[in-house]
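K.L.:
Here it is, the structure in full.
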Amino acid sequence: MEFTATMPIHIQHVQLPWLFDEGTGKIKDRVTVVLKTFLRYNLLKNAIQSVNDVYPGTRIVVADDTPDHLFNSFQSSNVDHYKMPAYKGYFAGRNLGLSQVWTEYFFYMDDDMVITKFTKMDLLVSFLDSTNFHLVGVGIQDRLSPTTYLALGNKTHRCIIQKPDPGYYYEIRGFPGIYANDAVLNIFLASTNDAKAVGFDPHPLLARIGHNAFFLSALGRLRVAACSLCTVRHYKRGPVAANYSTYRRPNKSFKAKLHHYNLYMHNINCLKTQWVTNKTQKQ
């Protein structure tokens, strides 16, 4: 009898480490705040001021696709305000902001969010330093809203079920109040290099809405957690340009195209949310 033995041999270059200078070890030396803004300069001003108040000296990167005639620069000693071509959108701006980060971690927040003493960024940094997680989200005031994804099917027919209840797998050992999940709100601290490896798809369909698209792309690539002990404040007061809602809230046709794009990009047949309507049955 004849036998054939196959021995796989994997040859590759050594992977060099990518180390970051921690400087003094303070937040300003380890974290860059990334903001995407569009038209809402009154809110952007508050967001920047909140960072300066709680974590003075921390570098802030602002990506802004406001049209030329309405653009207002906030460039300063610790703020790099990058002007984009008009209307390029949400994910394109996130990508631009992330591309300008050279610290180990970055903290992403929308322009209507305000950092407070309850954001506790030191705790978030310590968590990522001490674990193999890549990203940790925080709450908006009293709302954490973590989510898990359940992949059903096989390579030829697959469906992704988004499960916001309970929204997490387990509480992480040694870190009470921090939970493992798959997606968080759009306020989070993340490893710069690991987030860059996933990136934010700049496709025009992700210009207005598309937060969950990042976490679908990160599924199985990034380890995600949510921290119930850390929060930001949602600041919605003040005037907003009259045509802001036109771009912020696209019509049903646009949303349908975005849905089909997500299905195609991830080679899935359906994307659904499973809401728990009967708490008694759940128990």
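K.L.:
Consider only pairs whose beta carbons are under 7 Å apart and that are at least six residues apart or on different chains; among these, list those whose first residue lies in the range 1-29 and is farther than 18 Å from PHE107 by Cβ and whose second residue is modelled with pLDDT of 90 or more.
P.N.:
Filtered contacts from the range 1-29: TRP18/ASN193.
K.L.:
Please go through the range 114-146 and pick out each residue that is modelled with pLDDT of 95 or more, of a type outside the set (Phe, Trp, Tyr), over 14 Å from TYR55 (Cα atoms) and touching a Lys or Arg at 6+ places or on another chain (Cβ under 7 Å).
P.N.:
If the condition is that a residue be modelled with pLDDT of 95 or more, of a type outside the set (Phe, Trp, Tyr), over 14 Å from TYR55 (Cα atoms) and touching a Lys or Arg at 6+ places or on another chain (Cβ under 7 Å), then ASN132, HIS134 are the ones that fit.
K.L.:
Now for a separate question. Identify, by number, the condition in (1) assigned to a strand (DSSP E or B); (2) loosely packed, with under 14 Cβ neighbours inside 10 Å that TYR149 doesn't meet.
P.N.:
The failed condition is (2).
K.L.:
Please go through the range 86-105 and pick out each residue that is among the small types (Gly, Ala, Ser) and either in contact with a strand residue (DSSP E or B) (Cβ under 7 Å, 6 or more places away or on another chain) or closer than 13 Å to GLY210 by Cβ (or both).
P.N.:
Listed by number, the residues that qualify are GLY89, ALA92, GLY93, GLY97.
Matching residues to (1) within 29 Å of LEU205 (Cα to Cα); (2) more than 20 Å from the chain's Cα centre (by Cα):
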site: GLU2; (1), (2): no, yes
site: THR6; (1), (2): no, yes
site: ILE11; (1), (2): no, yes
site: LEU44; (1), (2): yes, no
site: VAL54; (1), (2): no, yes
site: ASP64; (1), (2): yes, no
site: LEU70; (1), (2): yes, yes
site: TYR90; (1), (2): yes, no
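K.L.:
If I ask for residues that are crowded, with 19+ Cβ neighbours inside 10 Å and either of a type in the set (A, V, I, L, M) or within 15 Å of the chain's Cα centre (by Cα) (or both), which ones from the range 96-111 would you list?
P.N.:
Of everything in the range 96-111, those that are crowded, with 19+ Cβ neighbours inside 10 Å and either of a type in the set (A, V, I, L, M) or within 15 Å of the chain's Cα centre (by Cα) (or both) turn out to be LEU96, GLY97, LEU98, VAL101, TYR105, PHE106, PHE107, TYR108, MET109, ASP110, ASP111.
K.L.:
Of all residues being in a strand (DSSP E or B) and touching a residue at least 40 places away in the same chain (Cβ under 8 Å) in the range 152-176, which is surrounded by the fewest Cβ atoms within 10 Å (Cβ to Cβ)? Just the residue, please.
P.N.:
The residue in question is GLY153.
K.L.:
Same structure again: Across the range 5-61, which residue is farthest from PRO85 (Cα to Cα) among those that are among the hydroxyl-bearing types (Ser, Thr, Tyr) and surrounded by 14 or more Cβ atoms within 10 Å (Cβ to Cβ)?
P.N.:
The selected residue is TYR55.
K.L.:
Taking the condition of being part of a loop (DSSP other than H, G, I, E, B) and surrounded by fewer than 22 Cβ atoms within 10 Å (Cβ to Cβ), how many residues in the range 114-133 meet it? First the steps, then the outcome.
P.N.:
Start the filter on the range 114-133 by keeping residues that are part of a loop (DSSP other than H, G, I, E, B), which leaves 116-120, 131-133.
Filter again for surrounded by fewer than 22 Cβ atoms within 10 Å (Cβ to Cβ), leaving 116-118, 120, 131-133.
Residues that pass the stated criteria total 7.
K.L.:
Out of (1) touching a residue at least 60 places away in the same chain (Cβ under 8 Å); (2) surrounded by 18 or more Cβ atoms within 10 Å (Cβ to Cβ); (3) on the phi > 0 side of the Ramachandran plot; (4) small (Gly, Ala, Ser), what's the single condition that is false for GLY199?
P.N.:
It is condition (2) that GLY199 fails.
K.L.:
Same structure again: Identify the single condition in (1) modelled with pLDDT of 95 or more; (2) in a helix (DSSP H, G or I) that LEU216 does not satisfy, given that it satisfies every other one.
P.N.:
Looking at each condition in turn, LEU216 falls short on (1).
K.L.:
For the range 38-79, how many residues are among the hydrophobic types (A, V, I, L, M, F, W, C), part of a helix (DSSP H, G or I) and closer than 21 Å to THR103 by Cα?
P.N.:
Of the residues in the range 38-79, 4 are among the hydrophobic types (A, V, I, L, M, F, W, C), part of a helix (DSSP H, G or I) and closer than 21 Å to THR103 by Cα.
The values are calculated or read from the model by the stated rules, or taken from the named source; none is laboratory data. Nothing here was measured: the structure is a model prediction, and the numbers come from that model. Cβ sites come from the backbone with ideal geometry, for glycine too, and all protein chains shown count toward neighbours.
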